[in-house]
1. Scan region 116-136 and tell me whether some residue there is at pLDDT 90 or above and not in a loop (DSSP other than H, G, I, E, B).
2. Conditions first: (1) hydroxyl-bearing (S, T, Y); (2) closer than 20 Å to R96 by Cβ; (3) buried (at least 18 other Cβ atoms within 10 Å of the Cβ). S33 passes all but one, so which condition is the exception?
3. Is it true that R59 is outside the structural domain of A112 (by TED's automatic domain parsing), touching a residue at least 40 places away in the same chain (Cβ under 8 Å) and within 14 Å of the chain's Cα centre (by Cα)?
4. Can you confirm whether region 96-114 contains a residue that is among the polar types (S, T, N, Q), outside the structural domain of S33 (by TED's automatic domain parsing) and either at pLDDT 90 or above or surrounded by 17 or more Cβ atoms within 10 Å (Cβ to Cβ) (or both)?
5. Test A79 against the stated conditions and say whether it is free of Cβ contacts under 8 Å to residues at least 24 places away in the same chain and more than 24 Å from P16 (Cβ to Cβ).
6. In the set L14, L70, which member is hydrophobic (A, V, I, L, M, F, W, C), assigned by TED's automatic domain parsing to the domain that holds D84 and in contact with a Leu (Cβ under 6 Å, 6 or more places away or on another chain)?
7. Given the condition of a type in the set (G, A, S), surrounded by fewer than 19 Cβ atoms within 10 Å (Cβ to Cβ) and either in contact with a Lys or Arg (Cβ under 7 Å, 6 or more places away or on another chain) or closer than 24 Å to N9 by Cα (or both), answer yes or no: does some residue in region 66-76 qualify?
Amino acid sequence: FPHLSVGGNLAFGLPPGVPRAERRRRVEAALASAGLAGMAARDPATLSGGQRSRVALLRALLSEPRALLLDEPFNRLDASLRADFRRLVFDHGRERRLPTLLVTHDPADAAAAGGPVIELGTPEGPVRHRVRRGIGPGA
């Protein structure tokens, strides 16, 4: 939401009824967990694409969803941030037992998700459905 600050964007995702002080605490904690501490007052237009992506994902996580649908959520992040942010998002989902559907072209994203994987072929070629019970370590 371009008319809100970064903190306002995150607070918007919080469920109604959360007291103001608690909203502020959750926003600051979320920003710190994503390497964005101290950016609550910033205008979203001043953020890089990767920073905006992290704010959008944090807003989704703060909304306490009953499921997550993630479409290429990490593709705008620098390689150095991807592993940490994947861990943050997927750990959040696992801790809350959230059903998560991830659409990605990056095998590392799929491995980090740690769940069943369905691979589909290209529209031009024959489609082969392969279901695997995870492709990460220990799978």
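1. No.
2. Looking at each condition in turn, S33 falls short on (3).
3. yes
4. Checked against the condition, which is being among the polar types (S, T, N, Q), outside the structural domain of S33 (by TED's automatic domain parsing) and either at pLDDT 90 or above or surrounded by 17 or more Cβ atoms within 10 Å (Cβ to Cβ) (or both), region 96-114 yields at least one hit.
5. Here the answer is yes, as A79 does meet what is asked.
6. After ruling out the rest, the residue left standing is L70.
7. Checked region 66-76: at least one residue is of a type in the set (G, A, S), surrounded by fewer than 19 Cβ atoms within 10 Å (Cβ to Cβ) and either in contact with a Lys or Arg (Cβ under 7 Å, 6 or more places away or on another chain) or closer than 24 Å to N9 by Cα (or both).
The values are calculated or read from the model by the stated rules, or taken from the named source; none is laboratory data. The structure presented is a predicted model; accordingly, all values stated were derived computationally and were not measured. Backbone-built Cβ (ideal geometry, glycine too); neighbour counts: all protein chains shown.
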